[in-house]
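Student: First, the structure itself, so that you have it in front of you.
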Amino acid sequence: MIAAKGAKYAAVVRITLKQQTAYRMDFLMRSLFLLLILYVFMQLWSAAYSGQGEGAEIAGFRLKDIIWYLVLTEAFTMAFPQLCTRIEEEVKSGGIAVRLLTPISYAGYQYASYLGEAALRFVVNLACGSLIGWMLVGPPELGAGWSSIAVLGLGSFTLAFLLNLSIALCSFWVEETRGLEFILQKLQFTVGGMLIPLDLMPHWLQQICAWLPFQAVLYFPAKSAVSGGAELGAYVAQQLGWIAVMAALCAWIYSRGIRRLNANGG
């Protein structure tokens, strides 16, 4: 039984990968946009460190650490699929009615599709981002920190999926979730540590961020990579805790929303 269910989700991942590789121009445009964003941020940080002297550190980060931190956070951010838009369109078109009749969990299907797409995008984004990072500050210091991305990366994708799913499922009531998705994205950009490491923020803001799930999506894997993975155990534990909380929340929202779902056109 478990093997049969696993085969279904694996098939969804394979189909998603085939669909994504068919749109090469989309990958090219995303990669070019990623390179542009990284170049701008790298120039800003290079200017900030230039006045500190060679080998300077800011909150324990060298320029090289900051650059590779940005490469990872941008690679993750641009890898996350637009789940809210996808589910919202299914509700509006009535396609969700067909999806709910298939012999596979609706959330499970969305997760498998999300994971396959995000993993492929992340690999491409990381390859492109590494190119410009390598040219500017040299290669990263590979070791336990970078190997931890395999674990923290999966947790990052899973938690990002659950955060977006909690917003997307609200379309069962309101249909339009773009505003909520916009707020979620901006929280990940700021208190999630995408733009700057949380270590560089004021202490009071760091204390607030410590009680929010957003840092576990971007800050944990990027910080672990550039710091040698010293806090890997604590990061994994917090990721698992937030995943459990968000999974329970999504299950509750889904159980409530499916009862009153009114799919237009279906």
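The values are calculated or read from the model by the stated rules, or taken from the named source; none is laboratory data. Note that this is a predicted model, so its numbers are computed, not measured. Heads up: the accessible areas ignore ligands, DNA and RNA and are worked out on the full protein's heavy atoms, side chains in. Shrake-Rupley method; radii C 1.70, N 1.55, O 1.52, S 1.80 Å.
Student: Using 0.36 nm per residue, how much length does the chain from Ala248 to Leu44 gain when fully extended, once their Cα-Cα distance is taken away? Numbers along the way, then the final one.
Tutor: Details: separation 204, 0.36 × 204 = 73.44 nm, distance 4.07 nm.
Length gained between Ala248 and Leu44: 69.4 nm.
Student: Report the full-extension gain for the segment Phe33 to Ser255: residue separation times 0.36 nm, less the Cα-Cα distance, to one decimal in nm.
Tutor: Details: separation 222, 0.36 × 222 = 79.92 nm, distance 3.87 nm.
Using 0.36 nm per residue and subtracting the Cα-Cα distance, I get 76.0 nm.
Student: May I ask for the angle, rounded to the nearest 10°, between helix 83-93 and the longest principal axis of the chain, with both axes built from Cα atoms and the value confined to 0 to 90°?
Tutor: 20 degrees
Student: Express in nm, to one decimal, how much length is gained between Phe182 and Met135 on full extension, taking 0.36 nm for each residue of separation and deducting their alpha carbon distance.
Tutor: Values: separation 47, 0.36 × 47 = 16.92 nm, distance 3.31 nm.
That works out to 13.6 nm of additional length.
Student: Moving on to the next point. Whole-Hz Karplus ³J(HN,Hα) for region 200-212, in order, using 6.51 cos²θ - 1.76 cosθ + 1.60 and θ = phi - 60°, x for Gly and Pro?
Tutor: Those phi angles translate into 8, 7, x, 4, 5, 6, 4, 5, 5, 4, 5, 9, 10 Hz.
Student: To the nearest µm²/s, what D does Stokes-Einstein give for region 7-259 at 37 °C and 0.692 mPa s, using the Kirkwood radius over alpha carbon pairs as Rh? Walk me through the numbers on the way to the answer.
Tutor: On the way: Rh = 19.1 Å.
Taking Rh from Cα pairs, D becomes 172 µm²/s.
Student: Take the cross-link list Lys18/Lys92; Lys92/Lys223; Lys92/Lys186; Lys8/Lys223; Lys8/Lys186 and give me the ones stretching past 31 Å between alpha-carbons. Spell out each step's value before the answer.
Tutor: Working: Lys18/Lys92 26 Å; Lys92/Lys223 40 Å; Lys92/Lys186 25 Å; Lys8/Lys223 35 Å; Lys8/Lys186 34 Å.
Pairs exceeding 31 Å: Lys92/Lys223; Lys8/Lys223; Lys8/Lys186.
Student: Could you state how much accessible area Phe214 has, in square angstrom rounded to the nearest 10, with a 1.4 Å probe and all protein chains kept in place?
Tutor: My reading of the accessible area for Phe214 is about 20 Å².
Student: Rank these residues by their accessible area, most exposed first, probe 1.4 Å: Trp252, Trp68. Don't jump to the answer; show the numbers that get you there.
Tutor: Details: Trp252 140, Trp68 5 Å².
In descending accessible area the options line up as Trp252, Trp68.
Student: At 1.4 Å probe size, what's the solvent-accessible area of Ser31? Round to the nearest 10 Å².
Tutor: Only protein atoms counted, so the area is about 10 Å².
Student: Using the alpha-carbon atoms, what tilt in degrees (0 to 90, nearest 10) does helix 106-137 show relative to the longest principal axis of the chain?
Tutor: 20 degrees
Student: Further question on the same structure: To the nearest 10 Å², what's Leu198's accessible area with a 1.4 Å probe?
Tutor: Surface accessible to solvent at Leu198 totals approximately 10 Å².
Student: I would also like to ask the following. Give the Kirkwood hydrodynamic radius (Å, one decimal) of region 121-228, defined as one over the mean of 1/r across all pairs of different Cα atoms. All intermediate terms of the calculation are to be shown ahead of the outcome.
Tutor: Values: mean 1/r = 0.0649 Å⁻¹.
It works out to 15.4 Å.
Student: Where does each of Ile253, Ile208, Ile37 land when they are ordered by accessible area, with a 1.4 Å probe and the largest first? Provide the component values of the computation, followed by the final result.
Tutor: On the way: Ile253 15, Ile208 80, Ile37 35 Å².
Largest accessible area first, the list is Ile208, Ile37, Ile253.
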